[in-house]
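Just so you know, all these numbers are worked out from the coordinates, no wet-lab data involved. Because the structure is predicted, anything quoted here is derived from the model rather than measured. Neighbour counts are summed over all protein chains in view; Cβ atoms, including those assigned to glycine, are modelled from backbone coordinates with ideal geometry.
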Ligand code: GLN
């Protein structure tokens, strides 16, 4: 059976399931999205792509952006990046402060907030105009110059971002933030506010299904070895304290965001983006998770 048919069938089934999730209202602006939205889009390395439902509606990609900031920082620092951030699953919520003190300000991994704030600091030290240069990087990977930040979402998060302010200052006290904390956070909040629809997201992440190479231009965005490692970190750390559960139920490298998006990658085959804004207790899209579980089961496309 083709992916298209399977996706359509699973989409219809999951669409009608009861959704016990809740919107991420801790960022006030995210409370304004249509809670029942549900879209899915797949892009394959054979250059097929198709989607269903609200797959062409933009949403806030939030923590999915952590893979993109890491990708850029990795190309700049190479393996030295791991002196600033580790690659171990944290088993804690995305905004936890818990392990930082024992770990001397080295975040467990780049996909929890603490780690992504350190990665933002690395980019601040290495880019001339961090916001513009990072946006340019994202646009070049996706061959799409319309991708942008949502200033309203960034400002909304900034107005209530007390946890992230605490995280950044705490890490700085250990010497692992080199720039002005307020400026690092301003950059971090903007990066989280990036907006995309499911099609743009799955097109963009194809480089990680394609050994780090842009499928349209043939340009190597990250090296093959770096792509392998980025996928490995998505597999082990992409869902905070639910990373084991995602491996167990879905079996693909992936990354979620509190905007309700999930991206999952099947190396050498496809990238698939799902969006449904109601989140489970761990901050991951309730329906997105269910959809991907059923999809990899029916299509036998778990990597395990
Ligand atoms: N911007 C969000 C935050 O820092 C990102 C969290 C997420 O998507 N899990 O809280």
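Things to note:
- Whole-Å distance, taken between Cα centres, linking region 227-304 and region 72-132: 21 Å
- Expected-Rg normalisation [2.2 N^0.38 Å, Cα atoms] applied to region 194-304: 1.00
- Over region 68-164: Rg over Rh, Cα atoms, Kirkwood Rh: 0.99
- Fully extended contour minus Cα-Cα distance, from residue 216 to residue 97, at 0.36 nm per residue: 38.8 nm
- All distinct Cα pairs of the chain go into the 1/r average, and the inverse of that average, the Kirkwood radius, is 18.9 Å.
- Overall dimensions of region 1-122 by Cα: Rg and Dmax, Å: 18.4, 51
- Arranged from fewest to most other beta-carbon atoms within 10 Å of their beta carbon, 304, 137, 111 become 304, 137, 111.
- Summary of packing: across the peptides 265-272, 42-49, the per-residue average of other C-beta atoms within 10 Å ranks them, highest first, as 265-272, 42-49.
- For the chain, the longest principal axis of the C-alpha atoms and the axis of helix 113-126 are separated by about 70°.
- Against the chain, whose longest principal axis is taken from its Cα atoms, helix 3-15 shows a tilt of about 80°.
- Ranked by how many other beta carbons lie within 10 Å on average, peptides 19-27, 226-234, 55-63 from highest: 55-63, 226-234, 19-27
- Peptide ranges 213-223, 251-261, 162-172 listed from the most packed, as the mean C-beta count within 10 angstrom indicates: 251-261, 162-172, 213-223
- Relative contact order of the chain, defined on C-alpha pairs under 8 angstrom at six or more residues apart (%): 28 percent
- Over region 172-227, the alpha carbon radius of gyration divided by the compact-protein estimate 2.2 N^0.38 Å works out to 1.57.
- Considering only alpha-carbon pairs that sit under 8 angstrom and 6 or more positions apart, the relative contact order computed for region 130-237 is 27 percent.
- For the chain, the longest principal axis of the alpha carbon atoms and the long axis of helix 198-209 meet at an angle near 70°.
- Kirkwood Rh, angstrom, region 127-180 [1 / mean 1/r, Cα pairs]: 13.4 Å
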